[in-house]
1. Net charge near LEU244: determine it from the other residues with C-beta under 14 Å of the C-beta of LEU244, scoring Lys and Arg +1 and Asp and Glu -1.
2. If you add up the charges near GLN83, with Lys and Arg at +1 and Asp and Glu at -1, over every other residue whose beta carbon is less than 10 angstrom from its beta carbon, what do you get?
3. Which Cys residues of the chain have no other Cys Cβ less than 4.7 Å away and so no disulfide-compatible partner by this rule?
4. Taking the alpha-carbon set of the chain, what are its Rg and Dmax in Å?
5. Using a cut-off of 11 Å between beta-carbons, work out the net charge of the residues near LEU301 (Lys and Arg +1, Asp and Glu -1, LEU301 not included).
6. Using 0.36 nm times the number of residues separating ASP127 and ASP3, minus their current alpha carbon distance, what extension gain do you get?
7. Determine ³J(HN,Hα), in whole Hz, for all residues of region 58-71 in sequence, where each value follows from phi through the Karplus function 6.51 cos²θ - 1.76 cosθ + 1.60 and θ = phi - 60°; x replaces Gly and Pro.
8. Just how many % of Cα pairs in region 74-167 lie over 15 Å apart, if you round to the nearest whole percent?
Amino acid sequence: MNDIAFPLVEQAVDLLRGVAKITPVFTSRTLDEMSGARVFLKCENVQLTGAFKFRGAYHAVTRLIATHPGRTFATISSGNHAQGLALACLVHGAATHVVMPKPFSAMKYQGALGYGAIVHIAETRDDAEVQLRDVVENTGAMVVHPFNDPLVIAGQGTIMMELLDQVKELDAVLAPVGGGGLLSGLCIVAEACRPRMELFACEPAGAADAIQSVGQNRLVPMPNPRTIADGLRTSLGNRTLPILRRCLAGFFLVQEEEIVEAMRFARERLNLEIEPSSAVALAPLLRREPGLAAKRVAVVLSGGNVDRSSPGTALDGRKDR
């Protein structure tokens with residue numbers, strides 16, 4: 001399947017109904033005063049598996065399993081997609097193989113195991129690609145890409161469908177960007193339902209490949225990303241790039257200290273536990289971006305899986321998908 005269009009998102013809504021959580025929208029007078037905007041936080045940090053990734057993974061597995069008799073799925077992921085795919089397969093009684101390149105969060109590793117995944121550890125990203133090919137050859141598994149997959153993108157688009165029902169007359173939506181699957185899903189729905197609404201990609205300054213890719217209209221790799229936002233260390237895909245190039249209103253680049261401060265603000269002032277990737281989308285409001293002033297702005301808090309037992313957020317330069 002190569003087409004990514006609004007009807008596919010509508011189908012995903014039906015398939016996810018009663019399975020994925022309809023996540024709440026959180027508001028705060030303190031945040032409004034600090035940002036100079038009217039802010040609505042779409043809390044995917046309380047989604048099943050603690051992140052939005054379950055939506056896309058479940059939609060993909062549900063659509064594929066009817067035509068995939070082996071009932072085995074595989075992916076490369078050291079993060080939230082690993083857990084999302086594992087839970088989706090568990091629900092369907094299917095097997096999951098996850099290849100995890102080092103370094104990875106011990107919390108997310110244990111989460112994938114807890115949902116029944118068979119986890120293969122890879123020393124490097126290149127090793128992970130080799131191991132994935134071996135898994136597919138040996139098991140007949142079907143690969144579910146973390147972001148560059150139409151079914152996954154459509155599943156993530158259900159977030160925007162919910163948000164538009166929950167909040168009327170939004171002016172703008174902010175979301176983090178790594179591989180672009182989340183933002184692509186949001187863009188497809190906005191393009192069909194709210195074409196005048198602005199969508200902004202929020203990206204760490206230490207992993208600013210998406211802004212370059214969109215600007216140059218080609219995939220610009222990021223060989224050595226330097227950010228604690230581990231979910232945003234990967235580059236765009238050939239399916240996500242054209243969607244973002246067509247639909248985005250712009251980018252906000254965020255410094256590392258801003259990410260840390262946004263996490264602290266969410267925890268101490270809003271009582272919300274969010275990952276660094278989520279904090280990247282909150283940070284532009286906390287620094288009072290002029291282009292957002294006096295607007296009704298939604299922020300997608302993409303996940304809440306914070307591993308405090310490990311210094312896994314070190315600036316190690318590895319990619320997490």
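No value in this document is a laboratory result; all are computed from the given coordinates. On a predicted model such as this, the values are computed, not experimentally measured, just so you know. Don't worry about glycine lacking a Cβ; one is built from the backbone with ideal geometry, like all the others, and counts go over all protein chains shown.
1. Values: positive: ARG218, ARG239, ARG245, ARG246; negative: GLU191, GLU198, GLU203, ASP209.
Residues near LEU244 contribute 0 overall.
2. +2
3. Those would be CYS43, CYS89, CYS193, CYS202, since no other cysteine Cβ in the chain comes under 4.7 Å of theirs.
4. Just the Cα atoms of the chain yield Rg and Dmax of 18.0, 57 Å.
5. -2
6. Numbers: separation 124, 0.36 × 124 = 44.64 nm, distance 3.06 nm.
Length difference between fully extended and current span is 41.6 nm.
7. Result, ordered by residue: 5, 4, 5, 5, 4, 6, 8, 5, 5, 10, 10, x, x, 6 Hz.
8. In whole percent, the long-distance tail amounts to 61.
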